[in-house]
Amino acid sequence: MAATLGHARAFVGPVIHSLSVSKLEINPLALLIIDPQGKINKLVKLEPDGLAEQLDQALDHLPFCLDRTNTTHLNPGEFLIPGFVDTHNHAPQYAQRGLGQGMHILDWLSKITFPNEAKFSDPVYARKIYTACVEGFLRQGITTASYFGSVHAEATKILADICLQKRQRAYVGKCNMTRNSPDFYVEKSAGDSLRETRECISHVRAIDPAGRLVKYVITPRFAISCDEETLKGLGDIRSENEDLAVQTHFNEAKQEMEETQRLFPQFGGSEADLYQEFGLLGKRTILAHCCYMDEHELEIIEKLGCGVAHCPIANLTVGGGFMAAPVRELLDKKIKVGLGTDSGGGFSSSMLDAMRQAMIASNAREVMSEGKDKGLSIAEVFYLATLGGAAVCCLEDKIGSFEAGKDFDGLIIGTKGADQGIMTMVEEDDTLETVFEKFIMTGDDRNIVEVYVQGQYVKGQRACVSTS
Ligand code: GUN
Ligand code: FE
């Protein structure tokens, strides 16, 4: 059914995507044309009457050849949406999801997470779990992920290889951890940590020189686990490599914030000042959590153009603060926000669950703010999971919606038939908007029937046969 790279293709059917945080475009019938490089050539709205003529008109005179057998008419109940962007995730924690929920963050790290991540010193184990992780993510429609690896360089290179092989768009970073970590899971010195980081950067550049799918991301785990020499060295690497993204945990929980302040008293409790001092903040920086933000910190991240990875599942289970990011306030200030599953930090690696939990957390924020910070709508959480996440990753010109010129990273959603799981049933008189809402609130991976990255079929409940 699917054409591989090198073949143009087209889809005819309902198409839904975000144009902005407040604008969801719902097209009951449209034609989406993908060029041989996997880029969107155009999205054309269609009328049900005279469909054949409209298709002839749109498909003739293309600047490339499109074999009409590569035009897919979606089945009843199916529609197209952009792939999900998971802006914060720990690949090694794929095997520990659901464990230690309710623990405070530093206790959870030392009792559950560090012993688990230490296992990734074994490349055979790393390959096994990372294969399951990337496949599991693709199956759930995550076409782009920003991954923390473990502290190990070799395992991190394996993760980057697997993303490329399985064609998941990804940022991949080796965690830097030079202190406040157990003997069995810590780097020997800042020098070793920085050398291995450079090795990983070279590896990722060697396997994907143009960074079309996989890129390195500088990944100081958090300030607690990095000494000043490491943070400074990472800031130097960033200034030498302006194309590199940075990711870290930021103002996640009171326990973590107090410990950070104890270790770095010179910053008066401001993590924004801390990371800025070490040269780690900029428009390519992804700050995970941001649960507690004062005016000063908001001002800094707004001015520097940092993005926020909102991880409401992790925040309301692991952490101990049980507080999630002030998303409405961030959006009002035009700060970039996306969603993160956080994998092990929460109980789910589903972006649908992250969207639902973002709605719940925002409702709690509305109550706490006495009605000032309104809860998020379905359209808004969908934006966060797609175009908003793309912006956090500085990929909004490439992915996140179906604008002409972007890469086609998309999902075919199926909502009717025997294999459609436990999603709320679709009824005859449902509008497309109603079906979409039912999918977002009650669907799961069984409804994600085909997954495409850069125009190529990569996964899905329905196996595709290449036509090439
Ligand atoms: N802070 C430092 N490391 C971690 C991690 O693995 N998960 C979460 N949620 N917070 C962290
Ligand atoms: Fe995390």
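The values are calculated or read from the model by the stated rules, or taken from the named source; none is laboratory data. Note that the structure is predicted; figures quoted are calculated from it, not measured. So basically every Cβ, Gly included, is an ideal-geometry build from the backbone, and we count neighbours across all protein chains shown. Accessible surface areas use protein heavy atoms only, side chains included; no ligands, DNA or RNA. Shrake-Rupley method; radii C 1.70, N 1.55, O 1.52, S 1.80 Å.
Miscellaneous remarks
- Rounded to the nearest 20 debye, dipole of the chain from Cβ charges on Lys, Arg, Asp, Glu: 1000
- Pairs from K157/K438; K157/K283; K166/K336; K23/K157; K406/K459 whose Cα-Cα separation, in the structure shown, is over 31 Å: K157/K438; K23/K157
- Residue-normalised accessible area of the chain, given per residue in Å² at a 1.4 Å probe: 38
- Normalised by the number of residues in the chain, the average gap of Cα pairs under 8 Å and 6 or more apart makes the relative contact order 21 percent.
- The stretch 303-381: trypsin sites (Lys or Arg not before Pro) in DSSP coil with no more than 11 other Cβ atoms inside 10 Å: K334, K372
- Here the relative contact order of the stretch 385-440, from alpha carbon pairs under 8 Å that lie six or more residues apart, stands at 19 percent.
- Two-decimal Rg/Rh across the stretch 24-102, once Rg and the Kirkwood Rh are taken from alpha-carbon atoms: 1.18
- Relative frequency of Cα-Cα separations exceeding 20 Å in the stretch 344-468, percent: 55
- Projecting the Cα atoms of H203, L66, G388 onto the charge dipole of the chain, computed from C-beta unit charges around the Cα centre, puts H203 farthest toward the positive end.
- Only protein atoms count toward the accessible area here, which uses a 1.4 Å probe; on the chain, the carbon and sulfur part of that area reaches 51 percent.
- Charge dipole (the chain, unit charges on Cβ, about Cα centre) - positive-most of H152, G319, T178: H152
- In the assembled protein chains, I207 presents an accessible area of approximately 50 Å² (probe radius 1.4 Å).
- Backbone amide hydrogens, once placed in the peptide plane, bring I218 within less than 5 Å of A245, V246, Q247, excluding anything fewer than 5 places away on its chain.
- Taking every C-alpha pair closer than 8 Å and separated by at least 6 residues, the mean separation divided by the residue count of the stretch 13-83 gives a relative contact order of 35 percent.
- Once backbone amide H atoms are built at 1.01 Å from N, A325 has C311 as its partners under 5 Å, excluding neighbours fewer than 5 places away on the same chain.
- The antiparallel fraction among DSSP beta bridges confined to the chain stands at about 45%.
- C-alpha center-to-center spacing [the stretch 164-240, the stretch 387-451] in angstrom: 33
- For the stretch 84-95, backbone phi angles converted through the Karplus equation (6.51, -1.76, 1.60; θ = phi - 60°) give residue-by-residue couplings of 7, 10, 9, 7, 7, 7, 10, 4, x, 7, 4, 8 Hz, Gly and Pro being listed as x.
- Farthest towards the positive end of the charge dipole of the chain, among the residues N363, P115, S343, is the Cα of P115, using unit charges on the Cβ of Lys, Arg, Asp and Glu.
- A cut-off under 13 angstrom between Cβ atoms defines the neighbours of S343, and their net charge, with Lys, Arg +1 and Asp, Glu -1, is -3.
- Over the chain, equivalent-ellipsoid semi-axes from the Cα gyration tensor in Å: 38, 24, 20
- Whole-Å distance, taken between Cα centres, linking the stretch 1-77 and the stretch 292-365: 34
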